[in-house]
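To start, the structure under review is shown below, and the notes come after it.
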Ligand code: B12
Ligand code: SF4
Ligand code: SF4
């Protein structure tokens, strides 16, 4: 593929992804590197117990080229969102990432559309999209693509947007110039440095300090992915708190998420929360019947279902 054609392909893709809310991207070779190759060795007994799908799909998570035969590159992009603190919604009971229409839908639809249209515009080029649910090691890829560094809270921290970013992208068979994120030069070489605020803020001591967490001690895991009853020790941590869906402490205290002033940059769909999250509204809502077409079910909170949200609310309202 000629240089100009590679540039045209990159421009064509980026235009579509920006329209979906992505604001920075990088392109890297599709094969494993030292960091992503270590993926399986980083999974612990706790992950096997609570998130067994991670090990089952470890090969692809370590090496994205297995996701699409004969793929050559991965385009990975970051879509920032505003957090509950910026919006005066800190007590809403929901993790900031769930304040909006589900990012899987918005970003996933745009990536899928790009993958479908691509071969019509660029002969021989193929792509397969991913956002969260595909077996792709998104954080390691994003770090490799110069979108940020991996913090002690486990998150990819973008030098401008902080860790309030969704990740997603395309595994591509075709030629694209390799590029680093637009702000790669601003990534601090020392990463978190001496900071340990997220470790101090985590209610369950779930963060190990090396960028990895124990899902069995993480309120986010229990309120989003955990099925069945929440263990009494975790319920004890939730009592009196605001964890109807997810937990944000390790992101909220991070200095990289303070004073971001991103209102102008962020796509309105990730800046204007749905009214269901106004203070008290969720609590009233989940105590009754919620119609199938209610906006609540367009948000990531639909993952927990009504029974899950009620279970979480009950744990929060229990006496400490
Ligand atoms: C499973 C999962 C969870 C689980 C558990 C995660 C875990 N660590 O075990 C639970 C439900 C707890 C969870 C919670 C959250 N999640 Co989550 N989750 C995932 C998912 C699907 C897989 C992550 C995974 O593979 N974990 C296993 C570990 C071993 O892999 P890893 O975290 O990717 O880490 C790799 C690298 O980062 C690297 N690494 C990390 N640190 C370091 C440090 C060094 C020095 C080195 C060398 C390497 C290294 O090692 C790993 C191997 O490659 C990803 C999507 C995806 N497909 O990747 C989203 C994802 C990571 N989650 C996301 C989000 C938004 C969240 C929450 C903020 C949601 C919330 N508010 O409740 C919290 C944050 C909690 C936290 N502090 O991490 C975003 C993160 C965006 C970002 N900026 O990082 C992702 C990328 C989804 C997305 N597409 O946007 N999540
Ligand atoms: S999401 Fe909450 S419980 Fe989980 S690691 Fe972060 S602060 Fe700890
Ligand atoms: S709070 Fe501090 S230690 Fe934790 S991720 Fe942010 S910078 Fe790193």
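All of the numbers you see were taken from the coordinates with simple rules; none came from a lab. These numbers were taken from a predicted model, which means no experiment stands behind them. Positions of Cβ are backbone-derived with ideal geometry, glycine not excepted, and every protein chain shown enters the neighbour counts.
General remarks:
- Principal-axis tilt of helix 305-317 within the chain, Cα atoms, nearest 10 degrees: 50 degrees
- Taking every DSSP beta bridge that has both ends in the chain, the antiparallel portion is near 95%.
- Look at the Cα gyration tensor of region 3-186: its axes a ≥ b ≥ c give a/c of at least 1.5 with a/b at or below b/c, and that counts as oblate.
- Residue order for 183, 50, fewest other beta carbons within 10 angstrom first, comes to 183, 50.
- Calculated FRET efficiency for the pair residue 278/residue 319, C-beta based, R₀ 30 Å, to 0.05: 0.70
- Cα shape, the chain, gyration tensor, a/c 1.5 rule: prolate
- Cβ-based exposure ranking for 158, 104, in which fewest neighbours within 10 Å come first: 104, 158
- Spacing of the two label points (7 Å from each Cα toward its C-beta) at residue 53 and residue 197, in nm: 3.3 nm
- Once the Cα atoms are used to define both axes, helix 103-121 deviates from the longest principal axis of the chain by about 10 degrees.
- Peptide ranges 309-315, 123-129 listed from the most packed, as the mean C-beta count within 10 angstrom indicates: 309-315, 123-129
- Build a GNM of the chain with springs between Cα atoms under 10 Å apart, and of 77, 134, 110 the one that fluctuates most is 134.
- Whether region 20-87 is rounded, prolate or oblate, judged on the alpha carbon gyration tensor where a/c under 1.5 counts as rounded: oblate
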